[in-house]
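The values are calculated or read from the model by the stated rules, or taken from the named source; none is laboratory data. Computed from a prediction, not measured in an experiment: that's the story for all the values here. As a convention, Cβ positions derive from the backbone with ideal geometry for all residues, glycine included, and neighbour counts pool all protein chains shown.
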């Protein structure tokens, strides 16, 4: 077993007012639990801290700005790498060399950059790998060539292509050359570039290579793998449909609340109008009652005066002494005093009756006013309640639904754009292959063999077969390496043609086999692997192929094998939804993300 390796000990996230830490040990580590808790972001963060160019933005990471990755290197050296989540250089603190800054970009043979520092610890710094078989050109080995063989993220573990190839034709030769270096320990520094005449299509092919590389970089910058685009578009279409339905339902609820508020406001307006009318009538009735009182007082005065006048005797005039019969008194007036008194009394009774009727009317209006005031208070309360529901619940729900819908539409446009980029790349790659086929070089004999050596690929195939049998994988588990597809064939069936879940499991087997082959034969390897969702078939099966595993003990065998074969000088980090078997609880390190803030650890950053 090689003494050059590294292991992950801790991953810490730092913000102004919060921190989050996750520890790892030698041997088998399992991070499992609910979906949307940051498990896949964990694999991305480890890759980012080992030289990845960009870190995906997620909502939970909003309060954090810096990441620290703790490592243990061969020989017991401990170090910590710190980097801003926005990118840039790395700050290294080592128990051997103290503190220094490491550049993010690889420089051949130098150790002042992260790639050179890590490769030097693995005995790989300064190594050369093949870049182009036809041109016999080479390039400096970077840790980024090695990282995909140790860190297998979710979108990569179930892709249909080779586990050794990222899908870009321009990098395929270098990626296979990296695997050959790890399997054999031999690099391509002995390759001599061809100086002979180049084919006529060389410049066109070179231009196409540049265009494909640019499109590839742009597509990778979108954070979407080619194999994931179709499913992502389908998910977004379903999400957009659901959100449109939710928006319609939410708007219908809001419209109903608004209509209820309009009805309540209309009732309030009608009640207030009637109350205003009653108030005006009350004022008028008060005036009328006062008028009745004045009339009654006047009539009573007439009645009292008439009563007194009727008892006065007619006598001689005190002024002139004229006898009664000689005085000019209208007999009608003198004789009708009693009738006037009677008329006044009758009118008083009539006005008193009108006053009683007026009091009854005023009392009825008072009762009506009290009832209407109560109803107005109740209606006003209903309006207030509806206003609060509209402002606090319905309107935010509509705004949130519209924002989510807009976000999904924008995301789909971005995914479609990425799909268009991959389509353009495919067309350019087809043109490139046609140029290669039509323009054979004059010095074709100078081309370099870029495939894996048969002995190394055979040994690796046998180990994969052994692992799959130990996991109780369906079938005879006969494995061989197909040089044309740079992928493995299992029981006569290409690995990439199987279901999504079986592709994930077999990809994990290839990654573990490569780690074990390098360790047992003293070949260079990072010494650890990170597998994101290798047991995908159990919680997200794809068709009948994946359903073969239903009811089998592959999951239990998977963990039992890892625990039995990976200990102190090896490290396997498994990121999964499902928990490992309970009987292995004391033989592996397990972290559970519950997804519930009130129960255990909710997630990576919560």
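Quick one: in region 108-140, which of the residues that are part of a loop (DSSP other than H, G, I, E, B) and in contact with a strand residue (DSSP E or B) (Cβ under 9 Å, 6 or more places away or on another chain) is modelled with the lowest pLDDT?
If we filter region 108-140 for residues that are part of a loop (DSSP other than H, G, I, E, B), which is where we start, we get 108-112, 123-127, 133-136.
Next, only the ones that are in contact with a strand residue (DSSP E or B) (Cβ under 9 Å, 6 or more places away or on another chain) stay: 108-112, 126-127, 136.
Details: 108: 92, 109: 90, 110: 93, 111: 94, 112: 95, 126: 93, 127: 95, 136: 83.
Looking at residues that are part of a loop (DSSP other than H, G, I, E, B) and in contact with a strand residue (DSSP E or B) (Cβ under 9 Å, 6 or more places away or on another chain), I get 136.
Can you name the residue in region 109-129 that is closer than 21 Å to residue 46 by Cβ and in contact (Cβ under 8 Å) with a residue 40 or more places away in the chain and is also surrounded by the most Cβ atoms within 10 Å (Cβ to Cβ) among such residues?
This residue is 115.
Quick one: would you say residue 502 is more than 30 Å from residue 187 (Cβ to Cβ) and surrounded by 18 or more Cβ atoms within 10 Å (Cβ to Cβ)? Can you show your working first?
On the way: more than 30 Å from residue 187 (Cβ to Cβ): yes; surrounded by 18 or more Cβ atoms within 10 Å (Cβ to Cβ): yes.
For residue 502, the condition - more than 30 Å from residue 187 (Cβ to Cβ) and surrounded by 18 or more Cβ atoms within 10 Å (Cβ to Cβ) - is met.
Which ones in region 42-63 are farther than 21 Å from residue 6 by Cβ, touching a residue at least 12 places away in the same chain (Cβ under 8 Å) and surrounded by fewer than 19 Cβ atoms within 10 Å (Cβ to Cβ)?
So in region 42-63, the residues farther than 21 Å from residue 6 by Cβ come out as 54, 56-63.
Checking which are touching a residue at least 12 places away in the same chain (Cβ under 8 Å) leaves us with 54, 56, 58, 60-61, 63.
54, 56, 58, 60, 63 - these are the residues of region 42-63 that are farther than 21 Å from residue 6 by Cβ, touching a residue at least 12 places away in the same chain (Cβ under 8 Å) and surrounded by fewer than 19 Cβ atoms within 10 Å (Cβ to Cβ).
Could we say that residue 381 is touching a residue at least 60 places away in the same chain (Cβ under 8 Å), assigned to a helix (DSSP H, G or I) and either assigned by TED's automatic domain parsing to the domain that holds residue 274 or under 42 Å from the mean Cα position of the chain (by Cα) (or both) here?
Values: touching a residue at least 60 places away in the same chain (Cβ under 8 Å): no; assigned to a helix (DSSP H, G or I): yes; either assigned by TED's automatic domain parsing to the domain that holds residue 274 or under 42 Å from the mean Cα position of the chain (by Cα) (or both): yes.
No, not satisfied.
Hey, could you check region 447-466 for residues that are in a loop (DSSP other than H, G, I, E, B) and within 44 Å of the chain's Cα centre (by Cα) and say which is modelled with the highest pLDDT? First the steps, then the outcome.
To start, the set of residues in region 447-466 that are in a loop (DSSP other than H, G, I, E, B) comprises 447-453.
When the remaining residues are screened for being within 44 Å of the chain's Cα centre (by Cα), the result is 450-452.
Numbers: 450: 68, 451: 85, 452: 92.
Only one residue tops the list, namely 452.
Report, ordered by the first and then the second residue, all pairs with beta carbons closer than 6 Å, sequence separation of six or more or different chains, a first member in region 527-543 that is in contact (Cβ under 8 Å) with a residue 12 or more places away in the chain, and a second member that is buried (at least 18 other Cβ atoms within 10 Å of the Cβ) and assigned to a loop (DSSP other than H, G, I, E, B).
As it stands, the answer is 527/5; 532/153; 536/158; 537/549; 542/499; 543/499, since those pairs meet every condition given.
What's the total number of residues in region 190-247 that are touching a strand residue (DSSP E or B) at 6+ places or on another chain (Cβ under 6 Å) and either at pLDDT 80 or above or not assigned by TED's automatic domain parsing to the domain that holds residue 41 (or both)? Working first, answer last.
Going residue by residue through region 190-247, those that are touching a strand residue (DSSP E or B) at 6+ places or on another chain (Cβ under 6 Å) are 191, 193.
Checking which are either at pLDDT 80 or above or not assigned by TED's automatic domain parsing to the domain that holds residue 41 (or both) leaves us with 191.
Residues meeting the conditions: 1.
How many of the residues in region 222-245 are under 15 Å from residue 408 (Cα atoms) and loosely packed, with under 15 Cβ neighbours inside 10 Å?
8
Conditions tested, residue by residue: (1) over 25 Å from residue 47 (Cβ atoms); (2) buried (at least 23 other Cβ atoms within 10 Å of the Cβ).
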| position | (1), (2) |
| --- | --- |
| 482 | yes, no |
| 494 | yes, no |
| 515 | no, yes |
| 519 | no, no |
| 526 | no, yes |
| 538 | no, no |
| 549 | yes, no |
| 565 | no, no |
| 580 | no, yes |
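Have a look at 41, 90, 13, 24 and point out the one that is closer than 30 Å to residue 520 by Cβ and either outside the structural domain of residue 530 (by TED's automatic domain parsing) or at pLDDT 90 or above (or both).
On the way: 41 fails: closer than 30 Å to residue 520 by Cβ; 90 fails: closer than 30 Å to residue 520 by Cβ; 13 fails: closer than 30 Å to residue 520 by Cβ.
Being closer than 30 Å to residue 520 by Cβ and either outside the structural domain of residue 530 (by TED's automatic domain parsing) or at pLDDT 90 or above (or both) holds for just one of 41, 90, 13, 24, which is 24.
Within region 467-501, take every residue that is assigned to a helix (DSSP H, G or I) and touching a strand residue (DSSP E or B) at 6+ places or on another chain (Cβ under 9 Å) and give me the one that is nearest to residue 550 (Cα to Cα). I'd like the intermediate steps shown before the answer.
Applying the first criterion (assigned to a helix (DSSP H, G or I)) to region 467-501 yields 467-470, 495-497, 500-501.
Next, only the ones that are touching a strand residue (DSSP E or B) at 6+ places or on another chain (Cβ under 9 Å) stay: 468, 495-496.
Working: 468: 16, 495: 19, 496: 20 Å.
Going through the qualifying residues, I end up with 468.
For residue 81, all conditions in the list (1) in contact (Cβ under 8 Å) with a residue 40 or more places away in the chain; (2) under 31 Å from the mean Cα position of the chain (by Cα) hold save one; what is the number of the exception?
Unmet condition: (1).
Quick check on residue 172: is it out of contact with any strand residue (DSSP E or B) (no Cβ under 8 Å at 6 or more places or on another chain) and part of a loop (DSSP other than H, G, I, E, B)? Let's see the steps before the verdict.
Values: out of contact with any strand residue (DSSP E or B) (no Cβ under 8 Å at 6 or more places or on another chain): yes; part of a loop (DSSP other than H, G, I, E, B): no.
So residue 172 does not fit the description; no.
For every residue, the table says whether it meets (1) farther than 30 Å from residue 264 by Cβ; (2) in the same structural domain as residue 287 (by TED's automatic domain parsing); (3) modelled with pLDDT of 85 or more.
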| site | (1), (2), (3) |
| --- | --- |
| 337 | yes, yes, no |
| 346 | yes, yes, yes |
| 349 | yes, yes, yes |
| 368 | no, yes, yes |
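Just one of the numbered conditions (1) within 19 Å of residue 591 (Cα to Cα); (2) over 21 Å from the mean Cα position of the chain (by Cα) is not true of residue 75; which one?
(1)
Please enumerate the residues belonging to region 559-598 that are without any contact (Cβ under 8 Å) to a residue 60 or more places away in the chain and in a helix (DSSP H, G or I).
560, 564, 565, 582, 583, 584, 585, 586
Among the residues of region 52-71 satisfying the criterion of being touching a helix residue (DSSP H, G or I) at 6+ places or on another chain (Cβ under 9 Å) and modelled with pLDDT under 95, which is nearest to residue 93 (Cα to Cα)?
52
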